[in-house]
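The values are calculated or read from the model by the stated rules, or taken from the named source; none is laboratory data. Everything numeric here is computed off the predicted structure, so don't read it as measured data. As a convention, Cβ positions derive from the backbone with ideal geometry for all residues, glycine included, and neighbour counts pool all protein chains shown. Quick note on the areas: whole protein, heavy atoms, side chains included, nothing else; ligands and nucleic acids left out. Shrake-Rupley method; radii C 1.70, N 1.55, O 1.52, S 1.80 Å.
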Amino acid sequence: MEKLEPFFFDRPFGLGTATAPTQIEGYETDNSWYDWAEIPGKIADGSSPLRANEHWVRWKADIDLMAKMGIRYYRLGLEWSRIEPEEGKFDESAVARYREELLYLRKKEIRPLITLHHFSNPSWFEARGAFCSANGSGVFLRYVRYIVTKIEDLCSEYVTLNEPNVYAANGYLFGLWPPGVRSFIRSVSVMSRLAGCHIQAYRIIHEIYENRAVHVGFANHYRIFRAPSEGFLAQIGIKWIEYLFQDGITRFMITGRFSFPFGLPFTFRKGTYCDFIGINYYTRCTMKGLTELPAPPHSDKNDLGWEIYPDGIRMTVQKYYNRYPLPVFITENGTADASDTFRARFLYDHLRTLALDCPYVSRYYHWTFIDNFEWAEGETARFGLVENDFPTQRRTIRQSGRFYSEIIKNNGVTDPMIQEYFPVRDTSETRGADEKD
Ligand code: BGC
């Protein structure tokens, strides 16, 4: 193992963690993901977001744990189906409960970044065709106006939409997520509508805050795409996938300008419709057409087979910052590692390149705080800094979670931390074993 060097952030840098309401809260039956999980075969292990982390009732203890770990930045979502359980009818008690949580975060000096939509829709919205329905965007924007007005005194940072590109790809192109549609045209249309929703939500939130400081952005999922060969056609194909999945929609959402195949029946004034670029980065993948090939045999992979490719975070950040020079937030980055054998190294590698090579990144939200309901993978994929034993709901801070706490405390990685978390193993024993063979 090569020798690891200490590193530090030489600028104010917020190290936090991220979650999504459907993935942690539990106790909710009125949304698209609960309905989806009810259909046999849709979730790998047959689990349901109905349980998840029971965070809806355990939220205080979870925040206490977060505070104990020294986490000061928390990206959390609000579940639309709780807030508007019936079309046009808002539930004040759900709002009160979220306000209580936000107040508690303030008490613990943890700064919230609020996600307004993270994959799940109220069942009534899904039933009417969600964002594809007539006035679907208007209905969403009414919710945005309502909820932001209710919490504007308690937070000043928002992600309007989480990963519209993944929502559209998994739900409308591959049919793996609700509503299970497989149509290229529909997926592009959904992305376009979501881009429009973001721009309008951006304006609404700024209007609500008037002259008070507020930061609004969106979080797309970004990958490094690689072609299986150097051939001209393969390279063109990869550029096209990159454009369809991430570049076209990002340009649309940031600037209001769209080009084929994206489009809406109306246009937006040319502008800048976000205050930070939100980047969710996990992996590099090799694509043949629309099919993702397995990661190369000798690459590092996580429990889901995703290639671990730390340099990709730098490449992604630099590419988008060069195009749109705005502050960059890493709104998600993490890995599935049930045995916690490589998460600390994953953190080290990704944070090191952010510290040393990406001076315009000012925030990092690790995905995720606690093992949770990982959508179609159910409870099997373990992304948490904190381990969750689902049947007992016992939380245990992982070794990598302790490492992350120390990074926060030291604003970087020190020599003693390297010695503690990445001990150089004496290879003589293994060598001995090999020799015996
Ligand atoms: C999503 C999260 C998800 C994570 C890991 C992101 O695409 O925003 O909700 O859990 O990836 O798969």
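Data overview
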read-out: 16 Å reach of a label modelled at A376, 7 Å along Cα-to-Cβ, counting backbone N of the range 7-33; value: 33
read-out: C-alpha center-to-center spacing [the range 55-79, the range 223-279] in angstrom; value: 34
read-out: Shape of the range 7-436, Cα gyration tensor, a/c cut at 1.5; value: rounded
read-out: Max mean-square fluctuation residue, GNM over the chain, Cα-Cα springs under 10 Å, options A67, A130, A234; value: A234
read-out: Residue among L347, L194, L103 with the largest mean-square fluctuation in a Gaussian network model of the chain, springs linking Cα atoms under 10 Å; value: L103
read-out: D303-H206 pseudo-label distance in nm [points 7 Å out on the Cα-to-Cβ vector]; value: 4.2
read-out: Whether the range 289-437 is rounded, prolate or oblate, judged on the alpha carbon gyration tensor where a/c under 1.5 counts as rounded; value: rounded
read-out: Cα-based Lys proximity count in the range 7-436, under 17 Å, for pairs eight or more positions apart or on separate chains; value: 10
read-out: Estimated inter-spin distance, E152 and L233, nm [label 7 Å along Cα→Cβ]; value: 5.6
read-out: Rounded accessible area per residue of the chain, 1.4 Å, Å²; value: 42
read-out: Cα gyration tensor shape of the range 37-130, rounded if a/c is under 1.5, else prolate or oblate by comparing a/b with b/c; value: oblate
read-out: Carbon + sulfur, % of accessible area of the chain - ligands and nucleic acids excluded, 1.4 Å; value: 53
read-out: Span-like helix ranges in the chain, DSSP H, alpha carbon extent 24 angstrom or more, Kyte mean at least -1.0; value: 184-209
